[in-house]
Every structure is written in C-alpha cells, then in structure tokens.
1. Restricting to the stretch 205-218, give me the number of residues that are open to solvent by 60 Å² or more (accessible area, probe 1.4 Å) and in a strand (DSSP E or B).
2. Identify all residues within the stretch 162-182 that are of a type outside the set (S, T, N, Q) and surrounded by fewer than 20 Cβ atoms within 10 Å (Cβ to Cβ); write none if there are none.
3. Search the stretch 214-231 for residues that are more than 12 Å from E245 (Cβ to Cβ) and pair each with any residue that is among the hydroxyl-bearing types (S, T, Y) and open to solvent by 10 Å² or more (accessible area, probe 1.4 Å) when their beta-carbon atoms are under 6 Å apart and the residues are at least 6 apart or on different chains.
4. Across the stretch 133-155, what is the number of residues that are open to solvent by less than 20 Å² (accessible area, probe 1.4 Å), among the hydrophobic types (A, V, I, L, M, F, W, C) and at pLDDT 95 or above?
5. Scan the stretch 225-253 for residues that are of a type outside the set (F, W, Y) and open to solvent by 40 Å² or more (accessible area, probe 1.4 Å) and jot them down.
6. Do we find that D241 is under 20 Å from the mean Cα position of the chain (by Cα) and not in a strand (DSSP E or B) in this structure?
7. Quick one: would you say L227 is modelled with pLDDT under 95, over 17 Å from L184 (Cα atoms) and not β-branched (V, I, T)?
8. Given the structure, is S118 open to solvent by 10 Å² or more (accessible area, probe 1.4 Å), modelled with pLDDT of 95 or more, more than 19 Å from E174 (Cα to Cα) and not charged (D, E, K, R)?
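The values are calculated or read from the model by the stated rules, or taken from the named source; none is laboratory data. From a predicted model like this one, the values you see are computed outputs, not experimental measurements. Counting neighbours? That spans all protein chains shown, and the Cβs are built from the backbone with ideal geometry, glycine included. Remember, those area values only see protein heavy atoms, side chains included, never the ligands or the DNA or RNA. Shrake-Rupley method; radii C 1.70, N 1.55, O 1.52, S 1.80 Å.
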Amino acid sequence: MDSEKMDLFSKLPDEVISHILSSLPTKEAASTSVLAKKWRYLFAFVPSLDFNDSDFLHPQEGKREKDGILRSFMDFVDRVLALQGASPIKKFSLNVKTGVDPDRVDRWICNVLQRGVSHLALFMDFEEEYSLPYEISVSKTLVELKPGYGVDLYLWDDDMFLPMLKTLVLESVEFGRGQFQTLLPACPVLEELMLLNMEWKDRNVILSSSSLKNLKITSEDGCLGTLSFDTPNLVFLDYYDYVAEDYPIVNLKNLVEVGINLVLTADRINRARDNVWKLIHGIQNAEIFHISPVTFEVLSLSCEAMPVFKNLTTLNIRTVMQQGWQAMPLLLKNCPNLETLYLGGLLHTVTNKCGDVCDCIPRKKKGRSLMACPVNKIQIQGFRGTIREVHMIKHFLDFCPSLKEMEIIVETKEPTLFEIPKWLEIVEDTLMQYNEMSSCTINYRVLAPLYWRWTRK
C-alpha cells in the first residue's frame, strides 16, 4: 500500500477502520499495528478475535513440527491479548491442536471472559482430555457458546449459571453423572440447544426449559433409560437417537417443525410399540413432519394409536424397499389439512396392509384413501424409472382430487434403469402422456446436466 492510499485510508472514521480490522484474520489485523500509533490504538479496541494455529503454522508445509513454531504461535496470542489490555471484546474464536499448552489456553479463555466476551467458539484437538475452565460456567455475559468437540465439563460445579446464554452447541461433550440435569436450569434464557453425538450418562433424562425454541439431538449410544421433553415453547425439534425405554413427559404443544429419526434395537422392538406413541402424540400439533425409514416402520407397529395431525401441512417420508407402507393409509387420513407430500422413494415391500394408497395388490375399490387426501403437491425423490414406480405415479394422479403439481426427481448417483438404451425416452413419453391426460402439472427433473420441465397446456 503506497503512502497516498495509506493516508486516504487513515482518514476514515475510527469506527469504520475498527470494523475493517474485525473482518480480517487476527494475524493480519495485528500486523497493521506497526504501521502507525493510531493503528495500534485502534487494534487494541477490535471487538472480534479469531486464532487458528493451522493458518499461522501452515501444517501442509511441515512447519508445525519445526522447533519454536508452536511457541511463536502461543507468544503471538499472548502479545495480542496484552496489546488489547482490558478493552471490551464481543467474539473470540480459538482453534488449536496438540502441542499448544492447555494451561495457556485456559488463560486466554479467562482473559476474554473477564473482558465480557459474548460469543465464544472453541475447538481443541488435544490428545489428552481437556476440561473447560470453571469460569465459563459462571459467565454473566456469554450469549453463544460453542465449546468444541470432545471436551468435558468435569470442572463445572453445581453453581453453574449462564444468565445471558441463548445458543449452546455441545458436540461429543462429556458430562459428569447428574451434570446435564443441572445445566439447563442454569441457562434461563436458552433458545437454541444442539446436543451432537451425545453420550448420555444419566439413566433418566429430562429436557426441561420454558425458553428453548430450537433443539437438535443426535446420539450414537442411545439414551440409557427414559427421555422426557418438557419444552412447551419449542418450535423446532430434530431428534436422532435410539428409541428410549419410555417418554414419560412430552410437552411440545407449540412445535412447528419436527424431524424424527429413530434407531431401533432388537430388544426394544416390542417396547417401542407403546413408548413411541407417547412421543408421536406429543408432536401432533406440528405443521411440518420429517419421518425417517425406521420411524416410519415404528409407526406401522401400532397404527390404531395414530393421532390426528390437525395442523400438519407438509409431510416428508423416507422409505426403503425392505419396508412396507402399512402406516401410510392412516397417516394420510389423519392429516386433514395436508398440502405438500414428499416421498423419498416409491418402491416398498408389498403387504396386504398397504391399503389402497398404492396399487401393489389389485383391488375392486382402490384409491379410496387418496380420494380423501387434500394434498395439492407431491414430490417424488429417488425415482429409478421402474414400471412399478410409473404405475404408482399414475395411481396418485388418478385418485388425488386436489393434486395440482407433481415433481419427479431422478438422482443419477443412485442405481436406475436409465442406463438401458432408450429407456429414458420410454419413461419420458409415458409421463408426458399422463401429464396431458391429467389436470395436474408434472415437473420431471434429473439431477444431472439433463433437465425436463413439462407444464399442462
């Protein structure tokens, strides 16, 4: 930068320069402090810091292993924090790996906590276990906390209290026994909670929060016992876990969108028949419902207990060929205001209990269930081009009276029959004939360079 441009840049208002420095990587922003005393002064008040040892050490060049490099990185962080002194800070992000001193990491975190940091994002990839400092658990300024992957909270005590925290993301975080039950009450205004790769330590877990609005749970080990949802103001739930032994409390009366992806073990199949229905009844006020293949199979175990989803307008069902559609007739019947139906695959196991939703088995009276279905749009994903799928499409077109639009999506990464010479043209001609005969608009899409879109004349 020449002196003329530099002089012009320096004439900008201090708040504009500070904003520009905040958007730069911290290493580059810090380097500007050598240009002039004014820049040094302004950098001292930059409200956002982002340290990543990979950017500093360039591990792709083998630089990380050289003597003194890790020490120079740690000294750099120390110098930056010293330069800023006690100035307020809003955001602090730290990404470090094995070799960086955990004690210095603790000091850095405590430094920004004392300066009133509101957004704290950490990622520590250490070979040894790393415990988050106790000081985090009693911060009065944190609004967003992302403590990183694989850390533990063993240093947090029963006096934890985070009065301003609204967003909390915990990924593979280890809790002490009973510690999780203390965490939620300590966050009175928490709105967004992500529990990723959760390893439950308590046998009976209660998720209780009157402020929580968004909740995502994924677990690889499964709940040890019961799981309760006492979250009356929750509007979004994404739940991926093994079926719990029981769901004693399901208070989700304001839920808008929900995705349920259950994992079922052999020893819990019979128990799931009764337990899962407590969960399903608890989400019956939802407007959008995403159902995984296993969840759809669980619904088939006891269809007679199906609740009425009076608010549901969008239903997304993913199925696999090894499963039947036993739950489909009653599920569609119990969605009186359904507008959009997403079907992740049409191929399924033929059973007598599929009802007349499909035409797998010839019946004198077919399509009765569909004739009462108010859906006006159907999207079919993963279309493989089989004759059976084509017949299913014709079945929906014939018997869904309110259907105005159908979208058919071919995913070329999946096995299809379109590799057979001229088969694509045959299917295309057949669907075009259906389009001309039907009052419904058919959109046919191939997720590849080819793209067709047909509209009714």
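1. 2
2. Of everything in the stretch 162-182, those that are of a type outside the set (S, T, N, Q) and surrounded by fewer than 20 Cβ atoms within 10 Å (Cβ to Cβ) turn out to be P163, M164, K166, V169, E171, E174, G176, R177, G178.
3. From the stretch 214-231, the pairs are T218/Y240; D230/S208; T231/S209.
4. 3
5. Those that are of a type outside the set (F, W, Y) and open to solvent by 40 Å² or more (accessible area, probe 1.4 Å): D230, N233, V235, D238, E245, P248, I249, N251, K253.
6. For D241, the condition - under 20 Å from the mean Cα position of the chain (by Cα) and not in a strand (DSSP E or B) - is not met.
7. The answer is no for L227.
8. Yes; evaluated as a whole, the condition is true for this residue.
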